[in-house]
Amino acid sequence: LAAALRPLRERVASAGAASSSGSWGDEHAFFKRDENEISPYSWNITGTYKGSWNFAGSTNGSSRFLEFTKLKGDAVLELLSTPTKISGVHYVQGSVTFHDVLDNAHDRGVAQIRLEGVYIWPFRQLRMVANSGADGEPLQEEDYFLSNPYHLLRIFSSQVFQETSEEKNRRKNSLTYDMEKHCSVEIAAKVVRVSSNLNEGEHEKYRLEGLMESTAVDDDGECFSPILLNATSLNVEVYYNKAVNYTLMVTFISFLQVLLLIRQMEHSNTQSGAAKVSILMIGQQAIMDAYLCLLHLTAGILVESLFNAFATAAFFKFVVFSIFEMRYLLAIWKASRPLNSGEGWEVMRRELSVLYSRFYGILLGGILLMYELHNFLRPLLFLMYSFWVPQIVTNVIRDTRKPLHPQYILGMTITRLAIPLYIFGCPSNFMRIEPDKTWCIAVTIFMGI
């Protein structure tokens with residue numbers, strides 16, 4: 001590692017006087033080229049790198065940022081490489097995120113530093129410094145980070161499902177915001193290509209090994225001890241495949257729900273049969289499908305490369321919600337209020353408008369409620385999945401038996417549980433949400449009862 005991180009001027013001097021008079025494109029002659037390379041400048045180091053960090057010297061810690069007290073931890077680098085007019089030189093932007101920077105093992109801290117620099121292919125060298133932009137100024141190539149599924153899913157899983165308000169305040173007060181103001185951060189790293197497995201397809205895998213140093217801006221010592229970074233690029237295709245498989249599951253489930261709804265509508269095709277069905281039960285399921293439609297459509301818009309998959313899932317949820325469930329909702333409403341001979345179309349239209357306004361009012365109000373109470377998402381989902389309760393209450397009040405087809409009851413219970421059990425029960429879900437077996441068991445038993 002020490003030889004790989006020697007200053008570039010030493011590398012040029014050792015290469016010979018002839019090389020110093022040439023361009024960067026001439027330097028690749030001093031390195032053994034890979035036989036499978038199409039072009040000496042075909043490497044694209046854009047991507048997400050995940051690995052570890054640890055202090056390099058005997059003195060560990062930080063003289064200015066007391067939070068940086070752990071000896072080692074996890075690190076994530078997100079890099080965006082852009083070719084320049086100079087052959088073999090790429091302009092690189094990105095960020096490095098340090099995890100486990102706090103001393104308390106139960107209070108994991110996060111620190112992030114924005115970076116920019118150059119990657120010189122002939123030397124396999126990456127040189128980066130802290131981004132000198134104003135506070136809060138976005139990166140020039142922010143579109144990559146907005147479309148990077150790993151970056152988006154990390155934000156989604158940490159802020160929506162795991163991160164509380166206290167954790168947000170702690171993160172704001174951590175190393176992130178003061179580092180770039182008071183420290184001069186420099187990273188010198190070597191990037192090498194790792195032989196990919198056959199299972200990874202055509203994805204190129206890179207390994208980054210480097211040294212991160214930081215001195216105080218006012219020449220008052222160092223901000224923290226030198227840190228060794230060791231990270232390997234992630235195969236983002238894995239996240240794409242998991243997301244596509246998830247959308248296929250949602251599409252298949254939606255198709256099954258359409259068949260179950262048709263079976264139930266045939267079971268209660270008479271006016272007396274439809275009047276036994278709870279309108280609140282169907283309305284609650286329609287609202288759930290409307291939310292799922294909006295969520296999948298939003299995810300497809302954010303991650304452009306997954307738009308087709310998520311848009312397909314959103315379309316099927318839209319069909320279930322807008323065509324079948326709303327039609328069944330209207331049939332139940334008509335059966336619950338037989339028309340009198342004296343009523344006209346105006347009265348019926350007015351009552352129908354009240355029905356639709358209540359439905360969409362609850363739909364929009366639920367969105368605002370979940371936004372304000374996103375830290376209590378699991379209790380809210382538990383409440384939403386109690387859609388069988390209104391039908392039970394209706395059966396008791398009206399003294400009715402078997403208003404629903406047995407296949408509809410069993411099928412809807414299983415298909416409705418598929419998505420939450422995947423999100424909160426699958427240990428390798430693509431949303432990177434830690435499993436919660438207690439909640440999954442609780443909601444399964446509750447719906448089964």
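Please work out which residue is farthest from Asn241 (Cα to Cα), limiting yourself to the range 433-446 and to residues that are buried (at least 18 other Cβ atoms within 10 Å of the Cβ) and in contact (Cβ under 8 Å) with a residue 40 or more places away in the chain.
Of all residues in the range 433-446, those buried (at least 18 other Cβ atoms within 10 Å of the Cβ) come to 433, 440, 443.
Still in the running and in contact (Cβ under 8 Å) with a residue 40 or more places away in the chain: 433, 443.
Numbers: Ile433: 17, Val443: 28 Å.
My answer is Val443.
When the residues of the range 387-413 are narrowed to those that are assigned to a loop (DSSP other than H, G, I, E, B) and in contact (Cβ under 8 Å) with a residue 12 or more places away in the chain, which ends up farthest from Leu260 (Cα to Cα)? Working first, answer last.
Our first condition is that a residue be assigned to a loop (DSSP other than H, G, I, E, B); within the range 387-413, this holds for 387, 399-405.
When the remaining residues are screened for being in contact (Cβ under 8 Å) with a residue 12 or more places away in the chain, the result is 387, 400, 403-405.
Numbers: Phe387: 16, Thr400: 21, Pro403: 14, Leu404: 11, His405: 9 Å.
It comes out as Thr400.
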_Taking the condition of being surrounded by 13 or more Cβ atoms within 10 Å (Cβ to Cβ) and charged (D, E, K, R), how many residues in the range 352-408 meet it?_
1
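Please work out which residue is modelled with the lowest pLDDT, limiting yourself to the range 324-351 and to residues that are open to solvent by 70 Å² or more (accessible area, probe 1.4 Å) and within 25 Å of Leu261 (Cα to Cα).
Filtering the range 324-351 for residues that are open to solvent by 70 Å² or more (accessible area, probe 1.4 Å) and within 25 Å of Leu261 (Cα to Cα), the one modelled with the lowest pLDDT comes out as Pro338.
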*Please identify the pairs in which a residue from the range 234-246 that is without any contact (Cβ under 8 Å) to a residue 60 or more places away in the chain and open to solvent by less than 40 Å² (accessible area, probe 1.4 Å) has its Cβ atom under 7 Å from the Cβ atom of a residue that is of a type in the set (Asp, Glu) and part of a helix (DSSP H, G or I), counting only partners at least 6 apart or on another chain.*
Asn235/Glu200
*Counting only residues that are at pLDDT below 70, open to solvent by 20 Å² or more (accessible area, probe 1.4 Å) and either of a type in the set (Lys, Arg) or over 18 Å from Leu211 (Cα atoms) (or both), how many does the range 38-68 have?*
9
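The values are calculated or read from the model by the stated rules, or taken from the named source; none is laboratory data. These numbers come from a predicted model, not from an experiment. Here the Cβ is made from the backbone with ideal geometry for all residues, glycine too, and neighbour counts use every protein chain on show. These area figures cover heavy atoms from the full protein model, side chains too; ligands, DNA and RNA do not enter into them. Shrake-Rupley method; radii C 1.70, N 1.55, O 1.52, S 1.80 Å.
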